[in-house]
Structure formats: structure tokens, C-alpha cells
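Here the structure comes first, spelled out in C-alpha cells, and everything after it is commentary.
Just so you know, all these numbers are worked out from the coordinates, no wet-lab data involved. Since the model is a prediction, treat every value here as computed from it, not as a measurement. Cβ atoms come from the backbone with ideal geometry, glycine included; neighbour counts cover every protein chain shown.
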Amino acid sequence: MWVSKIKINGKTALLGGLCKKYGIKGIGYPLSNIVKDDEILVYFLAFLFCDSKKRLALFNDLKDHRRMVNAEIKDNCIIGQIREPIEVAPLYQYNIVHVDPIVCNSDGTEVWTVASWDKLELMEFCELMENKFGSELLKMREEPISNISVLTIHPELTENQRRAVEFALENGYYNTPRDIGLEALAKMMGVSYSTFQVHLRKAEKKLLPYFFENSR
């Protein structure tokens, strides 16, 4: 298939703009869409990687946005339905597929990775993205598709690994300078220092290479 990677600036990206506002990172995926009353209703799934306060603040901003129809949140997962203008219908055509989740960076940019068997159709898609959203084409090349990240939208973490990352984020472990050390975080989670360190390191090992690759 022909594969394109596209970067959208934060001025036109809704979720990316909110990630910039709160200085966080997230990933998302369009699930389905339908044309209704001269607009497009798009269902999407998103995951936010930040502390709970920022996550809820971003969600409240998102659900109050004029383009949102419905939205709900559980833990770090958001599912929602958003309105899109009818003129961007080609962005949701059946012959263009997302082969990776949309990566929303803390600088407000979004990175889309889409593919099609028809190079011309993919080029038209990229041109529309540029005209409507000021996107930048990062790559376009023909390559085999070995995997599509739909069912597992981000690296799968165990419950303990997810909790370790959330404790670290919520309590400033990743701040400069750090607000808290591993020993204190382990006590908060009710586990030993070595156990907490293992949970956090395994989570970081899964998450960091994934986000680095999709942000380039």
C-alpha cells in the first residue's frame, strides 16, 4: 500500500490544541462516521497520558466544545462523537485507512498515518489536509503493511504498570527538578521500592519507544 505520514499544526487540531493547552500527550482513532443534515458525525476513541486533574480539565473543555455531540471518560480513555463540516467528507472515505493511531503531541501538533492502494487518492487526501488544516507531508512511500494498530490503540500496560505511571505523573516525578522520588511513590502505591521500580520501568519501556517512533 501507499503510506503517508502527515503533521497538523495545533491551530486547527481540536484534540491536539487541548493537549498543547495542558502540556500533555494523547493518541486517538476515528471509529466510524455518518453523514447527517449536511454534516459528518464522527465517533472517536482517545487515550490521554497525564495526571487525573489535567485529564478531567481537558475532558471538560472537550465536551463543552461546539463541535462535540457526545463524550464520556473512564480512567484515561475518552469516547466521543464530533461534528465535522461536509466539505471534509473525503477525509473519511472508505478507501483511506488509518494504520496507526493519531498521535497528539504536547506542542499541539497531530501526526496522522494513513494508507491506500491508490496513490492518487492518497495524494488528494494529503492535499485536502494541507488546504483545510495547513498540514505538512512528512512522508509518502509504497511499503507493505505488517500491522494496523486498531484493536490495541496504545501499548498494552498491566494495571500495576498503568497505576505506576499515573502515580508518577500526578505527583511530579517527571518534573524538573523532581517533586518526589521512587521511594515515596512506592509507599503511596503500597508496594516495595523494587516492585514499584519494576512496574514503572516496564511501562516506560513499552510507552517511550512507541511515542518516539510516532512523533518523528
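Side notes on the structure shown:
- Estimated from helical segments only, the mean residue ellipticity of the chain at 222 nm is -11500 deg cm²/dmol, where each DSSP H run of four or more residues counts as -39500 (n - 2.57).
- FRET efficiency, 1/(1 + (r/R0)^6) with R0 30 Å, evaluated for Tyr94 and Arg162 via beta carbons: 0.30
- Here the gap between Lys139 and Met1, fully extended at 0.36 nm per residue and compared with their Cα-Cα distance, gives a gain of 48.3 nm.
- Among [x] 7, 32, 38, 20, 3, 0; [y] 8, 31, 34, 18, 7, 1; [z] 6, 20, 29, 26, 14, 5, 0, the entry that matches P(r) over Cα pairs in 10 Å bins from 0, in percent as calculated here: [y]
- If the convex hull is drawn through the Cα atoms of region 159-215, its volume per residue in Å³: 78 Å³
- If you take all other residues with their beta carbon under 13 Å from the beta carbon of Leu58, and give Lys and Arg +1 and Asp and Glu -1, the sum is +4.
- Positive minus negative residues near Lys36 (Lys, Arg vs Asp, Glu; Cβ under 12 Å): -3
- Residue-count net charge about Asp107 - beta-carbon cut-off 12 Å; Lys, Arg +1, Asp, Glu -1: +4
- Remark: spin-label model distance Ser192-Leu128 equals 5.7 nm, labels positioned 7 Å along the Cα→Cβ axis.
- Centre-to-centre, using Cα atoms only, region 1-67 and region 154-205 are separated by 26 Å.
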